[in-house]
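None of the figures in this text is laboratory data; all of them are computed from the coordinates on show. The model shown is predicted, which means the values in this text are computed figures rather than measured ones. Note that each Cβ is placed from the backbone with ideal geometry, even for glycine, and that neighbours are counted across all protein chains shown.
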Amino acid sequence: MTAIQTENIDTLAESLSGYLARQQINQVRRAYYYAEQAHEGQLRRTGDPYITHPLQVAGILSKMHMDHQSLMAAMLHDVIEDTGITKTAIKSQFGNTVAEMVDGVSKLSQIKFRSQAEAQAENFQKMALAMSRDLRIIMVKLADRLHNMRTIKVLPPDKRRRIARETLEIYAPIANRLGMNDMRIEFEELSFEAIYPLRYRRIGAAVRKVRGNRKEVVTKLQISLEACLEREGLPGRTIGREKHLYSIYDKMRSKRKSFSEIMDVYAFRIVVDRVDTCYRVLGAIHSLYKPVPGRFKDYIAIPKANGYQSLHTTLFGMHGLPIEIQIRTEEMEAMANNGIAAHWLYKSSEDIPSNAHIRAREWVNGLLEMQQHAGNSLEFIENVKIDLFPDEIYVFTPKGEIFELPAGSTPVDFAYAIHTDVGSTCVACRISRRLAPLSEPLESGQTVEIITAPGHKPNPAWLSFVATAKARTSIRHFLKSQKRSESIALGRRLLTKALASFGASLNSISSEAVTTLLEQLRLESRNQLFEEIGLGNRMSHGMAQRLTALNENSTGDEVLGNLLVREAESSVMNYARCCNPIPGDRITGYISAERGLVIHTDNCNNVAELRANPEKWVEVNWDPEIQGEFAVEVKVELEHQRGIIATLATAITGAEANIEKISTVERDAHFSIVNLLINVKNRVHLARVMRKIRMIKAVTRVTRVKARKTRRPTGRADSVTH
Ligand code: MN
């Protein structure tokens, strides 16, 4: 895209005649005159009449061969906001489609700034929504921002920096995501100059200085590449590429490279006629200069997320200078520079541009899905940001289906990419046929097989390693809804038990009594009552008391036993960290506000102090069927020996227990104490593990760590620390 000005409506109309019908051009003219009249008397900060701005925006869009409706919307894009003309008025003049587009663009500009992050997040959400209605809206908005960036110098410095930063953080990535490389580069250069004028000038001067020295090398290399293609009879044009200033700056900053390291790399692009020629050119230049191993990338076979296609390779050139080469067809070149805009620019040509269009649509739809799942706009933008800067990897299903994921993705991300249900029920995986942890980062080329178990649920711990927005939002979404249903179930059990101590049961309480209580508490349903109890906001004992009092017909025919602990930790049931109860231990439950039920061992030192509030205690027992792993602390006293920790670890894993934490305290020159946090199934399992440890010769003593007193005796598991 060139920054050439569109002089006036006549020169614009003339350039439009290259691709629009006379009738359509006339409609664009009509929109222009309408806007001119509406903005009459308004000036830009540059001192120009306001209408020059919409005219330039339309000019930018005409370079992309956007249709007449987009150009009309461009002409009218500031009319609603700046002149008080209504959407209805525009609709009656120019039809519904144009009115909707103008409205869409206006809405994107009407954001009130509260905090910077929040404003940005909202900006982004609105854009996603606007894009989903009509992709052309975002094109008009991008062109609008581009012209504003081109004239940003007239703004006061602080406003300039704020707008430039927003451009760099939102508009440039969107242009990139839509494959519009030329526009992205212009956004970056203009923003860089506006935010850091000094750095921009210094790097610019440095580039001009080395350009002279580089020129000779560039020419030599270009001649040798062209001669090579000529010899092999491969038609194509070779273009020397120069890095733009922002990308040099970004590389210096993020990759900590020196200016000369960056400038010592020579980059060329070879553009050819057909896909087949791309691979033949690759072969030819690989025999001209040695390729750098591991640097070849085939984005033709596997295009990037934004539709970008090309072959990339790096060669050792003369004197070992690295040369980066991109090889692509003319069509891919057009796609790489214009991205989604190529859809309009090359409407007549075959399937590649519309392919970009489809990808853009898919992306926008993905954004919307994320938005629905995200709790608030900040959470949403955090997710989108992950999505906007993809450094992709490519992995395969066992059937050879390919999946593209951001770098750092794990098997869990992969599982969610396949389907939300596969993600939520995954329990294990094989990476290239080897069993691997679900948290292991994946690498390109691996085959990943996900093992699922029906009924299995997402683990909150996954949030600490997943890399994709989809996995993150799905897990969070699940946890939110699960917390509710678990609270309800727990509340129900607690209330049932409390009623039993009054000789009553849920069935024996009349529905009138329940309704009365709900009314008194301003609750809407029985489930809401259960939830309140499960969350610890209401005490089951008190609720049972009130219910039985309200109920004249309480019969007491059903008395239930103890509450059974059925599962490993959940959002409303926690195991106290002070005593780490495991199945087989005698236990007792303490109900705390918010945290739900906290399970302690009977002999935990903290329990004695907490006894003061008897109504907060519930008798609990382990469900005999309980499964899962439970953390327990073990202290091992041993003699120093080479490799003793390894021996210890082997003994523990040999007994099928996992070590979660290991720490060593040196007692003297001969003896050490090793504190272990290990996961076991139950007391019997723990006994087996301890026996195994005792069998090690160097070990003198093994004990399970008993609860220590804490200073603040509360039922909150997280404040009962060790
Ligand atoms: Mn504008």
Would you mind classifying segment 129-226 by shape? Square roots of the alpha carbon gyration tensor eigenvalues, ordered a ≥ b ≥ c; an a/c under 1.5 is rounded, otherwise it is prolate if a/b is larger than b/c and oblate if not. oblate
Determine the gain in length on full extension of the stretch residue 459-residue 511; use 0.36 nm per residue of separation and subtract their C-alpha separation, reporting nm with one decimal. 14.9 nm
Return the lysines within reach of residue 220: Cα separation strictly under 23 angstrom, same-chain partners fewer than 8 residues apart disregarded; answer none if there are no such residues. 209, 243, 290
Plugging the Cβ-Cβ distance of residue 26 and residue 247 into 1/(1 + (r/R0)^6) at R0 = 45 Å yields, to the nearest 0.05, a FRET efficiency of 0.60
Arranged from highest to lowest average of other beta-carbon atoms within 10 Å per residue, in what order do the peptides 541-549, 694-702 appear? 541-549, 694-702
For segment 198-339, count all C-alpha to C-alpha pairs, find those more than 27 Å apart, and express that count as a whole percent of the total. 24
Return the long-range amide H neighbours of residue 585 (sequence gap of 5 or more, or a different chain), with a cut-off of under 5 Å between placed amide H atoms. 683
I need the peptides 627-638, 241-252, 490-501 ranked by packing, meaning the mean over residues of other C-beta atoms within 10 angstrom, with the highest value on top. 490-501, 627-638, 241-252
Explain nothing, just the number: relative contact order of segment 198-339, from Cα pairs under 8 Å at least 6 residues apart, as a whole percent. 22
Compute the separation of the alpha-carbon centres of segment 321-338 and segment 428-494 and state it in Å as a whole number. 39
Can you work out ³J(HN,Hα) from phi for every residue in segment 420-436, in order, using Karplus 6.51 cos²θ - 1.76 cosθ + 1.60 and θ = phi - 60°, giving whole Hz and x for Gly and Pro? 4, 5, 5, x, 6, 10, 6, 10, 7, 8, 10, 9, 6, 6, 9, 4, 9
Mind checking the full-extension length gain between residue 637 and residue 256? Use 0.36 nm per residue of separation minus the Cα-Cα distance, one decimal, nm. 132.4 nm
Multiply the residue separation of residue 302 and residue 518 by 0.36 nm, subtract the distance between their alpha-carbon atoms, and state the gained length in nm to one decimal. 71.8 nm
Show me, for segment 254-269, the HN-Hα J-couplings you get by feeding each phi into the Karplus relation (A = 6.51, B = -1.76, C = 1.60, θ = phi - 60°), rounded to Hz, glycine and proline as x. 7, 9, 6, 9, 7, 4, 5, 4, 6, 6, 7, 9, 9, 10, 10, 10
Going down the table (457/706; 107/470; 107/480; 470/681; 483/616), which pairs top 24 Å between alpha carbons? 457/706; 107/470; 107/480; 470/681
Taking all pairs of distinct Cα atoms, average 1/r, flip it, and tell me the Kirkwood hydrodynamic radius of segment 3-196 in Å to one decimal place. 16.9
Students often get this wrong, so check it: of 635/697; 63/141; 63/304, which have C-alpha atoms separated by over 19 Å? 63/304
If amide hydrogens are placed 1.01 Å from N in the peptide plane, which non-local residues have theirs closer than 5 Å to the one on residue 155? none
Residue-wise HN-Hα coupling along segment 515-526, computed from phi with Karplus coefficients 6.51, -1.76, 1.60 (Hz; x: Gly, Pro): 4, 4, 4, 4, 5, 4, 8, 6, 10, 9, 8, 4
What residues have an amide H closer than 5 Å to that of residue 660, excluding those fewer than 5 places away on the same chain, when H is modeled at 1.01 Å from N in the peptide plane? 677, 678, 679
Please give the Cα centre distance for segment 407-426 versus segment 271-291, rounded to the nearest Å. 37
Which FRET efficiency, nearest 0.05, do residue 7 and residue 321 yield, Cβ-Cβ r, R0 41 Å? 0.35
I need the calculated FRET efficiency for the pair residue 394 and residue 705, taking r as the beta carbon distance and R₀ as 35 Å, to the nearest 0.05. 0.15
Please report the relative contact order for segment 3-196, taking Cα pairs under 8 Å with a sequence separation of at least 6, and give it as a percent rounded to a whole number. 17
